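Structure first, commentary second.
Where a number appears in this text, it was derived from the coordinates with a stated rule and is not lab data. Since we're looking at a predicted model, the values are computed, not measured. As a convention, Cβ positions derive from the backbone with ideal geometry for all residues, glycine included, and neighbour counts pool all protein chains shown.
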Amino acid sequence: MGYDATYEAMHVPDGEFASALETLSKRDILGVNVTLPHKSAALKAANEASDAAEKIGAANTLTYLGDRAWRADNTDAPGFISAIGESNPDTDEVMILGAGGSAAAIVYALAKSNFRVTILNRTVGKAHRLARNLGTDSTRYGSFDQYKEQAKDASLIINTTSMGHDGQVLELPDGKDRLFFDISYGKVAAPQLAHARDRGWQTRDGLTMLVAQAAISFEIWFGEAPDRAAALERCQWAMKAVS
């Protein structure tokens, strides 16, 4: 993009986020992206926050305001909407598997966009709280064990669980050209996405969402949007190179 700037990785142990921000505030910094386990800490450390960050209860983007002050944003939510928009799903019935932090951003985004959402989780109480706090009157919730029955009516299934990290594959019904979105990507998501395609689902992985939320962060900091298509292509190439 022609900016005299660098984007660097910084490992921050759990519990040391505040001291890391103190260090960063002494540098010529525009902002930071924040990954787990620090997204809640990032929101707490901010002096001001967007509506999305406050309601989701987490921030993945901080902007330095000067004088040791930070603004918190959550670009996961609009990043997800951008990602499914690029796949043009003809849907209004969405089923979300899992009720963790990523699911919270997605529920918030879908509720803002008037989708009808069903949240299924092994701990039903977490799904209930997510539906109550971030959903709408039409948001439903239930046990993960209901997914096969619920999948019959869902035009879009979003997997936010960590099943792929444990080598598990969720058995899916006939997809009938519907969309299955797994927020994981690379080797972790490959078996699940392969199974979904075999069952007749269109598939999308989390790399699309990752690039979209990063592009939104970039625009917050620089006031200019990068070429998302080119960025996604380069990330896909990089993933193939290490697979």
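Give the residue list of GluC sites (Glu not before Pro) in segment 85-191 that are DSSP loop and have at most 12 other beta-carbon atoms within 10 angstrom.
Values: sites: 86, 93, 149, 171; in loops: 171.
Loop-located and lightly packed - 171.
Quick one: which residues, 5 or more positions from residue 31 or on another chain, have an amide H under 5 Å from its amide H? H modelled 1.01 Å from N in the peptide plane, none for Pro or chain starts.
Amide H neighbours of residue 31, under 5 Å, 5+ apart: 64.
Would you indicate which of [x] 8, 28, 29, 18, 12, 5, 0; [y] 7, 30, 35, 21, 6, 0; [z] 8, 29, 30, 22, 11, 1 is the value of P(r) over Cα pairs in 10 Å bins from 0, in percent derived from the coordinates of this structure?
Derived directly from the coordinates: [y].
To test your reading of the geometry: what angle, between 0 and 90 degrees and rounded to tens, separates the Cα axis of helix 228-242 from the longest principal axis of the chain?
Computed tilt is about 80 degrees.
Can you return the lysines within cross-link range of residue 126? Criterion is Cα-Cα under 30 Å, with same-chain partners fewer than 8 residues away left out.
39, 44, 55, 112, 148, 152, 187
To the nearest 0.05, what FRET efficiency results for residue 222 and residue 199 with a Förster distance of 41 Å applied to their C-beta separation? Spell out each step's value before the answer.
On the way: r = 42 Å, r/R0 = 1.02.
After rounding, the FRET efficiency stands at 0.45.
Could you please state, rounded to a whole Å, how far the C-alpha centre of segment 40-73 is from the C-alpha centre of segment 163-199?
Spelled out, the Cα-based centre of one part sits 33 Å from the other.
Looking at the chain, what % of its DSSP beta bridges pair antiparallel, to the nearest 5?
Details: 8 of 31 bridges.
Roughly 25 percent of the DSSP beta bridges within the chain come out antiparallel.
Tell me, what is the FRET efficiency for residue 242 and residue 128 to the nearest 0.05, using R0 = 35 angstrom and their Cβ-Cβ distance as r? Provide the component values of the computation, followed by the final result.
Numbers: r = 39 Å, r/R0 = 1.12.
So, using R0 = 35 Å, E works out to roughly 0.35.
Work out how much length residue 35 to residue 148 would gain on full extension: take 0.36 nm times their residue separation and subtract the Cα-Cα distance, in nm to one decimal.
Gain on extension, residue 35 to residue 148, equals 37.5 nm.
When the helix-only estimate is applied to the chain (DSSP H runs of n ≥ 4, each -39,500 (n - 2.57), divided by the residue count), what is the mean residue ellipticity at 222 nm, nearest 500 deg cm²/dmol?
-12000 deg cm²/dmol
Where does the charge balance sit around residue 118 when Lys and Arg score +1, Asp and Glu -1, over other residues with C-beta under 10 Å from its C-beta? Don't jump to the answer; show the numbers that get you there.
On the way: positive: 116, 140; negative: 93, 153.
That sum, taken over residues with Cβ under 10 Å, equals 0.
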